[in-house]
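I have placed the structure first, in the form of structure tokens, so that the comments after it can refer back to it.
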Amino acid sequence: MKSILPVLLILLLSSACSRFEVQGHRGARGMWPENTIPAFEYALEQKVDVIELDLGVSKDEKVVIYHDQRINPLICSGRPGAALMELTLAELKQIDCGGFKNPRFEEQVPVPGTKIPTLDEFFEWIKAHPNPWARRVRFNIETKSEPTEPTLSPPPARFAELLVGALRRHRMLNRSVVQSFDFRTLEEVRRLERNLELAALVEFRPEGAPQSLVAMAKQVGARILSPNHEWLVEADVKALQKAGIRVIPWTANSVDTFERLKQWGVDGIITDYPNRLQAFLKR
Ligand code: G3P
Ligand code: CA
């Protein structure tokens, strides 16, 4: 019995790793204000495997969950266009990011008075949550940083320190993937935590794909590549998987797209509508 235990463990782990993942994009942006506790609450109710969220940093170096590097007046009221980096957490907390319905999402329900959460608040909320799924759900955490806009985010090494510090403090290293379009932040995260899972985000199909896609993931030590689903082709999926890289595209919202991606054998889908994806998978 003793000798088969390690084998069983490996089999269990590899089946857990290869399981198809439902990822709730910005929580569940199609239904609730993006990157807010109501959206994360809904994602939990939908039993997503992974909650996807974006990070920025305030003037006083607090890590906050927000997609844009400047306050977006389409979805938040107060301080339109101000950079996160020029506002303190106290100033960010005065902004309402739940009162406006995002016009791109018909079914989205506004929740007036909703504030931008910090990463610490998010983890405290999840740890105290009575839903048993809160103990199982994992996190896909994106560092929002652009090499061409150095004043809008901390230097990559500092961003990585702040994020890894929070993951260590909350004991969430094993439940998290760090993703980014800015590979500098992935490299810095890897320097601090060699075993932390990384996902390389790719917006446009690079020349030389699919091999260049494989090279991109390998260059940063990412075992996941998350491409824009709009240009992805089946040959990309196959080449990446053959190289041992999982493929989890964003942001797919229609049943037609779920169908196509699933047929190609992707390892998961990042969607604004985890409810739609769960219903599709059940059928
Ligand atoms: O997870 C990938 C996806 O979130 C990237 O796009 O702009 O929605 O952060 P964006
Ligand atoms: Ca994101």
Inset, instruction - Please work out, to two decimal places, the log10 of the ratio I(q)/I(0) at q = 0.08, 0.11, 0.16 Å⁻¹ from a Debye calculation in which every Cα of region 21-282 carries one identical scatterer. - result: -0.29, -0.57, -1.28
Inset, instruction - Assign one of three labels to region 205-276, namely rounded, prolate or oblate, based on the Cα gyration tensor with a ≥ b ≥ c the square roots of its eigenvalues; rounded applies when a/c is under 1.5, prolate when it is not and a/b is larger than b/c, and oblate otherwise. - result: prolate
Inset, instruction - Would you please classify the overall shape of region 86-171 from the alpha carbon gyration tensor, given that a ≥ b ≥ c denote the square roots of the eigenvalues, rounded means a/c under 1.5, and beyond that prolate means a/b larger than b/c while oblate covers the rest? - result: oblate
Inset, instruction - Sum up the charges of everything whose Cβ sits under 11 Å from the Cβ of Asn72, counting Lys and Arg as +1 and Asp and Glu as -1, but leave Asn72 out. - result: 0
Legend entry - Sorted by Cβ neighbour density within 10 Å, fewest at the top, the residues Ser212, Ser180, Ser58: Ser212, Ser58, Ser180
Legend entry - Cα centroid separation, region 121-190 to region 71-112 (Å): 21
Legend entry - Computed E for Arg169/Gln219 - FRET, C-beta separation, R0 35 angstrom, nearest 0.05: 0.75
Inset, instruction - Sort Glu188, Glu203 so that the residue with the fewest other Cβ atoms within 10 Å of its own Cβ comes first and the one with the most comes last. - result: Glu203, Glu188
Legend entry - Long pairs among Lys127/Lys262; Lys47/Lys127; Lys242/Lys282, criterion Cα-Cα beyond 24 Å: Lys127/Lys262; Lys242/Lys282
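Read-outs: derived from the displayed coordinates by stated rules, not from any lab. What you see is a predicted model, and the numbers here were worked out from it, not measured in a lab. Quick reminder, even Gly has a Cβ in these numbers, built from the backbone with ideal geometry, and neighbours come from all protein chains shown.
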